[in-house]
Amino acid sequence: MNKERKKELQMYAVEVRELILRATNSSGTGHPGGSLSSADYFTYLYNEEIRVNPKEPKAPERDRFVLSKGHVAPALYAVLALKGYFPAEDLLTLRKIDSHLQGHPNMNTTPGVDMSTGSLGQGISAAAGMAKGAKHLGRDIHVYTLLGDGETGEGEVWEAVMFAAHYGLDNLCIAVDVNGLQIDGYTKEVMNVEPLDKKFEAFGCDVITVQGHDFCELEKAFQRFHGNKGSKKPTVILMKTIKGKGVSFMEDMAGWHGKAPNDEQLSQALKELEAERVKIREE
Amino acid sequence: MAETKKIATRESYGNALKELGAKTENVVVMDADLAGATKTGVFKAAYPDRFFDCGIAEANMAGVAAGLSTMGLVPFISTFAMFSAGRCFEQIRNSIGYPHLNVKIGATHGGISVGEDGASHQCCEDFALMRSIPGMVVMCPADDVEARQMVQAAYEYEGPCYMRFGRAATPVFHGEDYKFQIGRAEIVRPGGDVALIATGIMVSEAIAAADILAEQGISARVINMPTIKPLDEKVVLEAAKECGKIVTVEEHNILGGLGEAVCGVVTEQRPVLVHRIGVRDKFGRSGSAAELLRQFGLCAENIAAEIRTLDCMK
């Protein structure tokens, strides 16, 4: 990836972060922590990787994305809005009574959402079903899914991974946002899910661990996924991330898992994002 | 009485899937390591490329089915009622019911007539669980003819369906000219003193109970209610109006099943006495199907005797 492109993506990710913060602030509830940690993944996925067309959100031949960690809907909604699936002002209606933007993704209300999720552990099964379906129908469709590291505590995740490996679903790309935190604290203290790389490998996946806020590393990870075509192995991308990334007072704080910024906190956060924009430009 | 042919509705399910497989390309069948018992193995033998075993991982099977259905396939997923409606309630609710996906759940081994396996495998809660999911169609066939048509109807219906099939062989009382429709009850026998509304294998028992009552001078209407949701309210209300009292019969906890569905309609629209016959908020146990049905008050003789004890029947 050239320097210019990397800068463009970095600026885009700042925009995604701003929209996440504005949306959760407007709603007064929501999950900024994990949304911010996955903002770079979403930026890369929707700008460089996934083959979709916002003008035809239901095109049968499109790639699919399933947000297994459904609570980071604000990040998905932000990128879908930027891509033109719906107007960006809709983001300020997040979680409100008349909004199509439900607290967790709903495939029947929001254009661009391929599966209704929110209950942890279930999205990856649906993604595996889509990947199996694509293979069965002989279609060249990639299926992407994003999980949280805390989410891997759900037994269904491992049932799904076993299924994906058993049926050779090399068209399935499982990314895990490894920010090391869950609602009640550090995953290593609440329920240790590590070593995730060895677990996914033992279940029959090809695993790559990357720095999840570095676009060059994300590019490498997705290249690995494409290289796995024909290998009959699902790809797992373990993205080392920081929960709340980009907002100093939210970073690595479990307390910001499911709490929205108030007006004062929003204004402070936006100042930091503005400073980040200046820094990217000057680099 | 002439010898009646008996077939377990799980056998009908397997055979109907195979028939469906011959007629359609988009049907896929999944099982969780019970293909021999659920009879999906019949489909597997005929169409191995459209059969996906999921291993002993029912929750994932429900989610995979949701994903397959978004690709335009029509998945039928099977295991015992206990491990689908029971174990996967939340996957069915959130991954299938909430997005209203076109997944068909074929749950075999419903009720206490599972027999010797005992209470852990005898699901008497599935109607209650599945009825409570918005948009879910809940069905239970009375015999082989109805079960085979139900599978076809579920395929033709766009949306989630739950079907409960039985393990034990059950009398076939429908002729091949019978026409099953989702949401339609069938008056199996006319009568005006009391209406018996039954579902699944209890319909045959209710017919036999009506025979016993007839000998005692009581004219019982027997209604077969293969669709528990959406309920055929018209037939229930006619029964309330014309018979004045209703007895429901189901191989399910009396809490949350057919009986309470009927109560809901009757109490809101035409209050009459409704007496619920079923499993009285208890767990089952090991034994033969026939012994269990007798012990739990669900054979024809018990049903007739229980109806005779009602104050309104004296």
Q: Return yes when B:Glu268 is of a type outside the set (A, V, I, L, M, F, W, C), without any contact (Cβ under 8 Å) to a residue 24 or more places away in the chain and surrounded by fewer than 21 Cβ atoms within 10 Å (Cβ to Cβ) and no when it is not.
A: yes
Q: Among the numbered conditions (1) at negative phi; (2) at the interface with another protein chain (Cβ under 8 Å from one of its Cβ atoms); (3) not hydrophobic (A, V, I, L, M, F, W, C), tell me where A:Thr152 comes up short.
A: (2)
Q) Of the conditions (1) surrounded by fewer than 21 Cβ atoms within 10 Å (Cβ to Cβ); (2) more than 12 Å from A:Glu151 (Cβ to Cβ); (3) β-branched (Val, Ile, Thr), A:Val207 fails just one. Which one is it? A) (1)
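Here's the yes/no breakdown for (1) polar (S, T, N, Q); (2) farther than 21 Å from A:Leu45 by Cβ:
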residue: A:Lys83; (1), (2): no, no
residue: A:Leu91; (1), (2): no, no
residue: A:Leu94; (1), (2): no, no
residue: A:Ser99; (1), (2): yes, yes
residue: A:Asn106; (1), (2): yes, no
residue: A:Met115; (1), (2): no, no
residue: A:Leu120; (1), (2): no, no
residue: A:Gly123; (1), (2): no, no
Q: For A:Met130, work out the one condition from (1) over 19 Å from A:Tyr41 (Cα atoms); (2) assigned to a helix (DSSP H, G or I); (3) out of contact with any Lys or Arg (no Cβ under 6 Å at 6 or more places or on another chain); (4) in contact (Cβ under 8 Å) with a residue 24 or more places away in the chain it doesn't fulfil.
A: (3)
Q) B:Ala240 fails exactly one of the following numbered conditions: (1) surrounded by 17 or more Cβ atoms within 10 Å (Cβ to Cβ); (2) touching a residue at least 60 places away in the same chain (Cβ under 8 Å). What is the number of that condition? A) (2)
Q: Could you tell me whether any residue of segment A:113-124 is within 16 Å of the chain's Cα centre (by Cα), outside any loop (DSSP other than H, G, I, E, B), within 14 Å of chain B (Cβ to nearest Cβ) and closer than 28 Å to A:Val193 by Cα?
A: yes
Q) What are the residues in segment A:53-66 that are in contact with a strand residue (DSSP E or B) (Cβ under 8 Å, 6 or more places away or on another chain) and part of a loop (DSSP other than H, G, I, E, B), if any? A) A:Asp63
Q. For B:Val279, are the conditions met, namely being buried (at least 16 other Cβ atoms within 10 Å of the Cβ), farther than 16 Å from B:Asp193 by Cα and at pLDDT 95 or above?
A. yes
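Among the strands (runs of 3 or more DSSP E) lying completely within segment B:196-314, list those that include at least 3 residues that are in contact with a Cys (Cβ under 8 Å, 6 or more places away or on another chain).
Result: B:245-253, B:273-279.
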Q) Being among the acidic types (Asp, Glu), more than 8 Å from chain B (Cβ to nearest Cβ) and part of a loop (DSSP other than H, G, I, E, B), is that true of even one residue in segment A:93-104? A) yes
Q | Sole exception among (1) in contact with an Asp or Glu (Cβ under 9 Å, 6 or more places away or on another chain); (2) surrounded by fewer than 19 Cβ atoms within 10 Å (Cβ to Cβ); (3) of a type in the set (Lys, Arg) for A:Lys55, by number | A | (1)
**Q.** Filtered residues of segment A:181-239 (kept if over 26 Å from A:His31 (Cβ atoms), assigned to a helix (DSSP H, G or I) and of a type outside the set (Gly, Ala, Ser))
**A.** A:Lys198, A:Glu201, A:Cys216, A:Glu219, A:Lys220, A:Gln223, A:Arg224, A:Phe225, A:His226
Q: Give just the number: which of (1) assigned to a strand (DSSP E or B); (2) free of Cβ contacts under 8 Å to residues at least 40 places away in the same chain does A:Asp177 not satisfy?
A: (2)
Q) Which one of these does A:Ala165 not meet: (1) out of contact with any helix residue (DSSP H, G or I) (no Cβ under 8 Å at 6 or more places or on another chain); (2) within 14 Å of chain B (Cβ to nearest Cβ); (3) assigned to a loop (DSSP other than H, G, I, E, B)? A) (3)
Q) Scanning for something within 14 Å of chain A (Cβ to nearest Cβ) and among the β-branched types (Val, Ile, Thr), does segment B:96-110 turn up at least one residue? A) yes
**Q.** helices (runs of 4 or more DSSP H) fully within segment B:29-134 counting 2 or more residues that are out of contact with any helix residue (DSSP H, G or I) (no Cβ under 6 Å at 6 or more places or on another chain) and buried (at least 24 other Cβ atoms within 10 Å of the Cβ)
**A.** B:58-70
(Q) Exactly one condition in (1) surrounded by 15 or more Cβ atoms within 10 Å (Cβ to Cβ); (2) at pLDDT 95 or above is false for B:Met313; which is it? (A) (2)
Q: Report, ordered by the first and then the second residue, all pairs with beta carbons closer than 7 Å, sequence separation of six or more or different chains, a first member in segment B:60-80 that is more than 7 Å from every other protein chain (Cβ to nearest Cβ), and a second member that is assigned to a loop (DSSP other than H, G, I, E, B) and among the small types (Gly, Ala, Ser).
A: B:Met61/B:Ala32; B:Thr79/B:Ala32
Q. Out of (1) among the aromatic types (Phe, Trp, Tyr); (2) touching a residue at least 24 places away in the same chain (Cβ under 8 Å); (3) within 14 Å of another protein chain (Cβ to nearest Cβ), what's the single condition that is false for B:Phe51?
A. (2)
Q | Yes/no for B:Val266 being farther than 16 Å from B:Ile303 by Cβ, in the same structural domain as B:Ile303 (by TED's automatic domain parsing) and touching a helix residue (DSSP H, G or I) at 6+ places or on another chain (Cβ under 9 Å) | A | yes
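The values are calculated or read from the model by the stated rules, or taken from the named source; none is laboratory data. Since this is a predicted model, take the numbers as computed values, not measurements. FYI the Cβ positions are ideal-geometry reconstructions off the backbone, even for glycines, and counts take in every protein chain you see.
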